[in-house]
Amino acid sequence: MRNLARVVTAFAAVVVPVTVHAQTRCTETTRFDPPLRILRCTDGLTLEAERAATLRPVDRDGDGQLEGAEIGGSAVLVTLPTRSKTRRGGFQILTPHAIASVRGTIYAVDVTTAKTAVFVARGRVAVARRNTPAVFVTLGPGEGVDVGEDQAPLDVRRWPQERVRSLLERFGR
């Protein structure tokens, strides 16, 4: 029985290649513990999406370098190294409620039908409503914002450790 447990544990940690996106210079893999779809790009960008998340990479000009990604439902953890060569406008995560724009950071975006929550672990992220991108807030390390369908002002808050831990544990962190 112990051997079976070791085999199951070993299998759960395996990363399985799924697809190579030649046009985006990214490779998609699957991790089983926790269950994630991971998109790794040659410029250092990594998107870790929960298996239930819809993740659509955005390469507007077709040059193979992502300018962003659309997320619908569930959560994604974004790692974008400072040295990464992103477009002049930066890298954007688009959700039904919000736009999160970044450069050189690690942050998480959690999407539900009612709201989008954005939390920054490292770096800075600008967050705006999709319908009013000119009005934005900038989040720093340890800060987060919830963007709902209402038009209330975006309220930047330092997230309690329990909320941060709960979100990052979903990515095995």
> Being open to solvent by 10 Å² or more (accessible area, probe 1.4 Å), under 12 Å from Thr95 (Cβ atoms), outside any strand (DSSP E or B) and not hydroxyl-bearing (Ser, Thr, Tyr), is that true of even one residue in segment 54-62?
Replying inline: no
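Yes/no matrix, rows are residues, columns are (1) in contact (Cβ under 8 Å) with a residue 40 or more places away in the chain; (2) open to solvent by 30 Å² or more (accessible area, probe 1.4 Å); (3) under 16 Å from the mean Cα position of the chain (by Cα):
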{"site": "Val111", "(1), (2), (3)": "yes, no, yes"}
{"site": "Val127", "(1), (2), (3)": "no, no, yes"}
{"site": "Glu143", "(1), (2), (3)": "no, yes, yes"}
{"site": "Trp159", "(1), (2), (3)": "yes, no, no"}
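Quick grid of which residues meet (1) open to solvent by less than 80 Å² (accessible area, probe 1.4 Å); (2) not in a loop (DSSP other than H, G, I, E, B):
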residue	(1), (2)
Ile93	yes, yes
Pro96	no, no
Ser101	yes, yes
Ala117	yes, yes
Phe136	no, yes
Val147	yes, yes
Ser166	yes, yes
Phe171	yes, no
> Could you say which residue among Gly72, Gly62, Gly104, Gly144 is modelled with pLDDT of 90 or more and among the small types (Gly, Ala, Ser)?
Replying inline: Gly144
> Is at least one residue of segment 4-27 within 27 Å of Ser166 (Cβ to Cβ), out of contact with any Cys (no Cβ under 9 Å at 6 or more places or on another chain), part of a strand (DSSP E or B) and modelled with pLDDT of 80 or more?
Replying inline: no
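The values are calculated or read from the model by the stated rules, or taken from the named source; none is laboratory data. In this text, all values refer to a predicted model and were calculated from it rather than measured experimentally. Reconstructed Cβ throughout: ideal geometry from the backbone, glycine too, with neighbour counts over all protein chains shown. Just the protein is used for accessible areas: all its heavy atoms, side chains included, with ligands, DNA and RNA removed. Shrake-Rupley method; radii C 1.70, N 1.55, O 1.52, S 1.80 Å.
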